[in-house]
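Scroll down for the structure; my scribbles are underneath it.
The values are calculated or read from the model by the stated rules, or taken from the named source; none is laboratory data. Fair warning: this is a prediction, and the values are worked out from it, not measured in the lab. Reconstructed Cβ throughout: ideal geometry from the backbone, glycine too, with neighbour counts over all protein chains shown. Areas reflect the complete protein model, heavy atoms only, side chains present, ligands, DNA and RNA absent. Shrake-Rupley method; radii C 1.70, N 1.55, O 1.52, S 1.80 Å.
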Amino acid sequence: MSQPVQPVKVSVIIPVFRVENYLERAVDSVLAQTLAEKEIILVDDGSDDACPQICDRYAREYPQLVRVIHKQNEGLGLARNSGVDAAVGEYVAFVDSDDAVDCKMYEQMYQKAKEADYDIVMCDVQIHYVEENRTATVPTYPGEEIDLPDYIANGNNITYSVNKLFRRSIWEQNRYEKMLFEDIALIPALVTKYPHIGYVKQPFYHYYRRANTISTTFTGAMVDIVRAFRAFIETSDPAYREEVIYCAAKQLYWNMTQSRALFLPDFIQLLQQYKKDFLLNPYVAKDAKIKKILDFIPQEVIPRRFICVHFGAGLPQGYRRRLEECFPAGDVVDADETYFAAHQLPQPVRLAMEHGQAGFAREYYALRILYEAGGIVLDPDMQANLNLNRLRTNRCFFGFEDDEALSTGCYGALKGHYVIQALLDSYKEDNIYNKAFLPLRERLRDFFMLHFGLRPNGRNQLLQKEVQLYLPSVLAYDMQDGENCCKRVPIPIPEGYELVSRPVLKMWSTRLMENWNLYKQALNGRPAGEPPAPPGAGLSDAQWERRLQEVVNTYEQSTCWRITKPLRALSQFLAKLFGR
């Protein structure tokens, strides 16, 4: 990559990855800058679409302005680092490759930087909500000049890299980390460490917010946001500690209650780590809304630990990889028959091993690890998804297999939970469960009926505000209603289908009919002026009722195990119908 012949005032770095439909808009907006002394560095981060060719075309057409770096894919932050390493500008700016900038942005921000030799200059941001076809301008600060403590506590756009102009020497000591939310981890801390900051009160940066982007699509790696907030708190200048904590608190409130509530257990653990700072913060104390996050601090959270007990063979191929995709920061306890080799076991468990009742022993082992460490037990034939993370706010949870039986494929509890202790103690007793080596699900059902008033009906139940029991669709089968956290995958099945037992089919058919009849009752008694059919329904009431009965009849005639794609389609419709 050749260096520009003349020194430049601003190096604009554009990381590029799978944005072939938007890249030209971004590059053209920088080429159109009124600032002449600039360079554009396109960092192709191993993009596998047409982006590399587009980058090379710009380099050929603008050899004095555009340079290209081709590298293997390592993520946005490291792509920016590569651009910084190659930059020769007095100042450095970043543009995301699916956004755009106003043509006067860098000329006016550079002029502002030179006025008082600022280290950083900021501008406002205009957000384009693409799907909603609307725009909104987010001012960075109310005043013309930045008061840094007030800005950290009350300003906007502090985490953005793209609305700022940085003195290049800043990057001699600072780098983005390889993670999601690398901006949150680095940029606010830089603001505290380089407090000589200028501000141009213009919405120069155009941020195009669309669905299905890194920031709007939920993946297991998004737990990096907790790591990012921790880095912000730890690496900021201690002189601004109170403002930093309040700034983090505001962003945590938004993430915990609106944007990323799926990671609530992880946010709670972050609050607990910095309990003193949040509880004693004067800004938080005066803000009634933000102060609500303090209510989460006493809440116990099940550890992000997965207990996988198996005998005779290792975990299924790809099991650990799939688990780590959803829970990259999780601790996996891989326990085989040697795990408790040196431990003294209750006599029924030893007898079970001698009589080849390995399943009985596995269930005891899983309970014992759960009691000692806390976490979530997962059978080897269970496949968890990211939704399981939200169940970590329970103290103890189990789920139904059907309308009567409980499932033991996935359950969890806090470390040392008394229910798990009581279950373990029952293995030392002279009872029918131990004599007949009965499965744990029968012990569980009777235990909860005796001590917690369980009603075996397959429905959600919170037993004495302590033990949460979930529907079969949550911890056994995926009915495509958005509720599933874990399901059993004993044999390969075609994609788009689910393997469901006959009792569950019957139960679900009954539930669907109940819901339909409830809807019909509400519809018949609706106030005047309401629509006669649910929004988007393409069939009349009679047609829907007839179709539903046809589906139920099909299920009643099904064999013990039946592929149930029609059930999924119907459950999707009813979920939308009732606004679930």
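Summary of computed values
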{"item": "Shape call, the range 229-294: gyration tensor on alpha carbons, a/c limit 1.5", "result": "oblate"}
{"item": "On Cα atoms only, tilt of 440-452 relative to the major axis of the chain in degrees", "result": "90 degrees"}
{"item": "Convex hull (Cα only) mean projected area of the range 53-112, reported in nm² to one decimal", "result": "5.1 nm²"}
{"item": "Karplus-derived 3J(HN,Hα), 6.51/-1.76/1.60, for each residue of the range 369-374, Hz, glycine and proline x", "result": "5, 4, 5, 6, 10, x"}
{"item": "Degrees between helix 76-86 axis and first principal axis of the chain (Cα, 0 to 90, nearest 10)", "result": "20 degrees"}
{"item": "Where the Cα pairs of the range 94-213 fall when distances are cut into 5 Å bins, in %", "result": "2, 11, 21, 24, 21, 13, 6, 2, 0"}
{"item": "Normalised convex hull volume, the range 1-64, alpha-carbon set, Å³ per residue", "result": "77 Å³"}
{"item": "Span from the the range 48-121 Cα centroid across to the the range 348-372 one, whole angstrom", "result": "60 Å"}
{"item": "Answer label for Cα Rg over 2.2 N^0.38 Å (calculated), chosen among (i) 0.99; (ii) 1.17; (iii) 1.07", "result": "(ii)"}
{"item": "List Ser407, Ser169, ordered by accessible area with a 1.4 Å probe, largest first", "result": "Ser169, Ser407"}
{"item": "Largest to smallest principal axis extent of the C-alpha atoms in the range 84-149, angstrom", "result": "40, 34, 23"}
{"item": "Angle between the chain longest axis and helix 565-577 axis [Cα atoms, degrees, rounded to 10]", "result": "60 degrees"}
{"item": "Proximal aspartates and glutamates to Lys415, defined as alpha-carbon separation beneath 20 angstrom and excluding residues fewer than eight positions away on the same chain", "result": "Asp266, Glu300, Asp331, Asp334, Glu363, Glu372, Asp379, Asp425, Glu466"}
{"item": "Heavy atoms of His196: accessible area, 1.4 Å probe, square angstrom to 10", "result": "80 Å²"}
{"item": "Binned Cα-Cα distance frequencies in the range 146-279 - 5 Å width, integer %", "result": "2, 9, 19, 23, 22, 15, 9, 2"}
{"item": "Distance violations [Cα-Cα > 26 Å] among Lys9/Lys104; Lys38/Lys112; Lys9/Lys164; Lys71/Lys250; Lys114/Lys164", "result": "Lys71/Lys250"}
{"item": "Probe 1.4 Å - accessible area at Glu115, Å² to nearest ten", "result": "130 Å²"}
{"item": "Area accessible to solvent at Lys276, 1.4 Å probe radius, in Å²", "result": "130 Å²"}
{"item": "Net charge dipole size for the chain [Lys, Arg +1 and Asp, Glu -1 on Cβ; Debye, nearest 20]", "result": "1260 debye"}
{"item": "Surface accessible to a 1.4 Å probe, per residue, for the residues of the range 115-186, Å²", "result": "44 Å²"}
{"item": "Amide proton proximity set for Leu454, modelled H, under 5 Å, gap of 5+", "result": "Met449"}
{"item": "Cubic angstrom per residue, convex hull over Cα atoms of the range 445-513", "result": "118 Å³"}
{"item": "Solvent-accessible surface ranking, highest first, for Leu424, Leu76, Leu271 at 1.4 angstrom", "result": "Leu76, Leu424, Leu271"}
{"item": "By accessible area with a 1.4 Å probe, ligands and nucleic acids excluded, highest first: order of Tyr151, Tyr240", "result": "Tyr240, Tyr151"}
{"item": "Share of carbon and sulfur in the accessible heavy-atom surface of the chain [1.4 Å probe, %]", "result": "49 percent"}
